[in-house]
1. Which order do the peptides 233-239, 260-266 come out in when sorted by mean C-beta neighbours inside 10 angstrom, highest first?
2. Please list the three semi-axes, largest first and in whole Å, of the ellipsoid equivalent to the chain, using sqrt of 5 times the eigenvalues of its alpha carbon gyration tensor.
3. Between beta-carbons, use under 15 Å as the cut-off and find the net charge around Trp156, counting Lys and Arg +1, Asp and Glu -1.
4. Compute the helix-to-body angle for 330-348: its Cα long axis versus the longest principal axis of the chain, expressed 0 to 90° and rounded to tens.
5. With a 10 Å radius around each residue's Cβ, average the other Cβ atoms per peptide and rank 218-224, 143-149, 342-348, highest first.
6. Sorted from fewest to most neighbouring beta carbons within 10 Å, what does the list Cys52, Cys119 look like?
7. Helix-only mean residue ellipticity at 222 nm, the chain, DSSP H runs n ≥ 4 weighted -39,500 (n - 2.57), per residue, nearest 500. What is it?
8. Mean shadow of the stretch 3-222, computed from the convex hull of its alpha carbons, in nm²?
Amino acid sequence: MNYTLTAGQYELKKRLRVQVQHKHLPHAIFLSGDDGIGALPLAHALAQHILCQNPIVEQGGCETCSSCLQAATWSHPDLHLVFPIIKSKDVRQSNDLRAAFRNEYKKNPYLLLDDWLACIDGEQKQPVIPVDEAHTVLHNLSLTSYEGRAKIVVVWQPALMNTETSNKLLKILEEPPQHTYFILASGSPDELLPTIVSRLQTWNCMGVSEQDMQNPALPYCNALTQQGMQLSHGNLGLALQLSKADDFKNELLDDFQHFMRQAFRFNAQLAFTRIEAIVQKGRSYQKRFLMYGLHIFRQALLFREHYKALSPHSKEELAFLEKFAAFINVKNCEPLAELFSTHLYYVERHANPKILFTDLLFLSTEHLNPKSK
Ligand SMILES: [Zn+2]
């Protein structure tokens with residue numbers, strides 16, 4: 001992975017390149033940003049740049065030296081990758097799932113945490129970076145580097161380090177041995193212990209434009225759909241996930257339509273059956289449902305305001321929008337969108353989906369029928 005194989009983020013890439021060139025790179029870095037926005041591939045490009053034997057100014061790693069070839073597949077002995085796992089008898093740390101992770105990452109470096117959990121059958125379980133991982137990191141860093149260049153630890157989804165793991169790493173983050181780099185990727189500083197954040201140099205990854213997503217140099221972007229890009233608001237990982245799910249658009253429409261109907265005209269049995277069905281489909285579907293809702297509110301408002309809808313997906317969606325627009329106005333659109341955004345936030349943080357969606361239904365009712373307050 002080099003910088004030119006990652007999407008957009010030009011400012012940040014330039015800053016990283018210059019810091020490595022001038023040997024000013026801090027020893028503990030946090031590339032923060034929403035899941036899927038690109039912190040992990042950027043951390044990868046940065047690590048490869050540091051390890052490369054013949055770095056190239058514009059792109060970082062040369063892609064041809066032996067260090068680059070190993071770093072590109074995360075198999076460089078001085079590059080240690082840590083990612084969340086579902087703990088079990090056989091899986092105690094990320095090393096135990098290294099092959100599976102490399103395989104997923106190779107297909108899509110912008111994979112979301114959901115994509116990874118779905119791959120290890122852990123969608124309904126609690127992912128974690130356990131303390132065993134910190135022990136391995138400390139042990140690896142105590143050995144001399146194989147190539148005498150640098151030792152790098154990349155931690156993907158650092159928010160999933162539990163307190164014990166974080167505490168174990170604190171000291172080494174404070175005083176990293178010479179030529180050691182910690183690169184934490186993805187998430188927001190408020191999800192980490194303040195004691196950890198204070199030891200990191202934080203750089204924020206921004207969303208990328210649709211044009212940058214369609215960069216022909218990015219092989220994993222072939223399958224992007226227009227609707228996937230539009231719904232993703234600049235998050236390439238999300239755009240890829242939504243594009244894959246494009247076939248399920250009618251399923252989303254059907255669920256959304258029925259959910260809103262129950263919110264408007266409450267029938268306990270039908271409402272709970274629908275909620276149960278949405279919950280059963282897993283966390284990534286729940287997130288897609290909420291994002292789809294956000295998209296539909298906006299489209300319905302545009303309808304309402306006598307603009308043409310931006311991008312109806314199908315005849316069915318257009319027919320629904322025409323009816324639904326009558327219930328959406330400038331007053332309730334924002335609180336409804338706010339409601340869906342907040343619930344999206346909680347789904348991402350693994351809150352109980354049954355409670356969340358029941359709550360969402362009741363609160364949507366209030367906004368669709370202001371008199372019922
Ligand atoms: Zn190289």
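1. 233-239, 260-266
2. 41, 23, 17
3. Overall, the nearby charge balance is -4.
4. 40 degrees
5. By packing density, highest mean first, the sequence is 342-348, 218-224, 143-149.
6. If I rank by nearby Cβ atoms, fewest first, I get Cys119, Cys52.
7. When only DSSP H runs of four or more count, the value is -16000 deg cm²/dmol.
8. Projected area, direction-averaged: 11.6 nm².
Laboratory data are not the source of any read-out in this text; all were calculated from the coordinates shown. Just so it is clear, the model here is predicted, and its values are computed rather than measured. No Cβ is skipped: glycine too gets one built from the backbone with ideal geometry, and neighbour counts run over all protein chains shown.
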